[in-house]
Amino acid sequence: MIGLSTLYWPIAIGGKLNQYKGVEFLSASTLGVSESNIKETLGLTGQEYADKFNIRLYDTPEEMVEKERLDTVVITTRHTEHAFWAEKMAKLGLNIYIPKTFATTIADADRIVDVQRQYKVKIAVGPSARFLPPFASVKNAIENDAIGKPFSMRICHHHGTIDVFNKNDWYLDPKEGGPELSLGWYGIDLILYMMNDKVKSVFAEYGNFTSPNSPFMDCGRINIRMANGGIASFDMYFCNRLPYPSWQMEIIGPKGVISIHRVEGDSTKTVVSLDSAKGYELLPLPDQTRDWETFWVEDFINDRQPAISAEEARLITRLSLSALESANKRCPVDII
């Protein structure tokens with residue numbers, strides 16, 4: 001693990017790696033960040049983190065890689081540092097996982113794609129909601145021609161509020177990307193995955209309604225026109241103090257409509273339905289899916305190309321940045 005001064009990822013991914021058969025989670029690099037700074041952002045000191053997962057701590061990633069003889073690293077640094085550390089680690093021959101936000105500029109995204117090609121390493125990016133059971137059920141129904149070729153899609157995603165971050169957390173720095181590149185990641189990935197089409201143009205509108213001290217929007221809508229004429233939208237809510245993350249979705253084709261609805265107080269409890277000329281029915285959820293945060297581990301272990309590659313992540317980043325540009329200029333941004 002490269003970088004501990006960040007909320008959520010080191011603990012969430014570390015916990016899952018410790019439980020993953022065939023994986024040895026060995027060490028973390030603090031990058032020389034002070035214990036007080038790590039505690040402020042992560043909620044644990046570096047040593048407390050090491051004790052929690054029974055791993056060893058290092059200041060520099062290079063020393064860590066050499067002494068532990070690693071084959072894979074997870075980069076959980078500031079988003080603006082992802083390209084720098086991807087270059088450093090790819091040169092050492094390591095496979096890499098980068099949790100979203102992938103990059104904050106297209107130039108940085110290009111750097112990451114380039115080192116993957118140059119050094120022939122695997123770079124995976126995530127997480128992806130496509131692996132959550134409801135979305136896996138939707139994709140299965142689409143592939144079984146339940147609604148025909150989709151031409152319209154609407155996604156709604158509630159993801160808490162920005163004030164879960166410490167007031168000194170680097171996430172609040174606009175240079176680190178903000179919700180457009182973190183929440184936007186999920187919806188854009190799902191749109192590309194479900195619609196199975198290229199993007200023609202992006203139009204977005206943002207507002208700030210419940211977090212006036214935030215440097216970012218807290219409510220946004222991204223509208224995407226697909227190359228073959230379809231339309232898709234993603235509503236991002238970073239403005240509500242309710243259980244999260246929660247999802248709703250509707251995808252429409254000439255034969256019917258597939259929907260995801262929340263049905264219980266637990267934000268993860270949903271049903272998937274199909275409404276067609278044959279009537280209304282609930283669709284089954286798969287018994288098992290790949291974990292939406294560590295799906296890449298299976299790809300690395302089996303020497304497969306990652307389900308979400310650096311090239312795909314670059315496209316998602318480009319579309320997220322185009323949404324930000326559109327919201328600022330109040331006009332569509334052409335992609336192709």
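The values are calculated or read from the model by the stated rules, or taken from the named source; none is laboratory data. What you see is a predicted model, and the numbers here were worked out from it, not measured in a lab. Using ideal geometry, Cβ is built from the backbone for each residue, glycine included, and neighbour counts are taken over all protein chains shown.
Points to keep in mind about this one:
- Checking region 239-251 against the condition returns a match, with at least one residue being over 25 Å from Gly178 (Cα atoms) and either modelled with pLDDT of 95 or more or assigned to a strand (DSSP E or B) (or both).
- Of all residues in region 155-178, none satisfies being without any contact (Cβ under 8 Å) to a residue 60 or more places away in the chain, within 20 Å of His261 (Cα to Cα) and among the small types (Gly, Ala, Ser).
- Subset of region 38-76 that is assigned to a helix (DSSP H, G or I) and hydroxyl-bearing (Ser, Thr, Tyr) - its residue that is surrounded by the fewest Cβ atoms within 10 Å (Cβ to Cβ): Thr41
- Any pair with Cβ under 7 angstrom, 6 or more apart, that starts in region 94-110 at a residue that is under 24 Å from Thr294 (Cβ atoms) and ends at one that is surrounded by fewer than 24 Cβ atoms within 10 Å (Cβ to Cβ) and of a type in the set (Phe, Trp, Tyr): Asn95/Phe300; Pro99/Trp9
- Qualifying residue in region 161-178 (condition: in contact with a helix residue (DSSP H, G or I) (Cβ under 8 Å, 6 or more places away or on another chain), basic (Lys, Arg) and surrounded by fewer than 17 Cβ atoms within 10 Å (Cβ to Cβ)): yes
- Residues that are part of a helix (DSSP H, G or I) and of a type in the set (D, E, K, R) within region 12-37 comprise Lys16, Glu35, listed in sequence order.
- Elements of type strands (runs of 3 or more DSSP E) in region 146-231, at least 1 residues being closer than 30 Å to Tyr280 by Cβ and within 17 Å of the chain's Cα centre (by Cα): 152-158, 219-226
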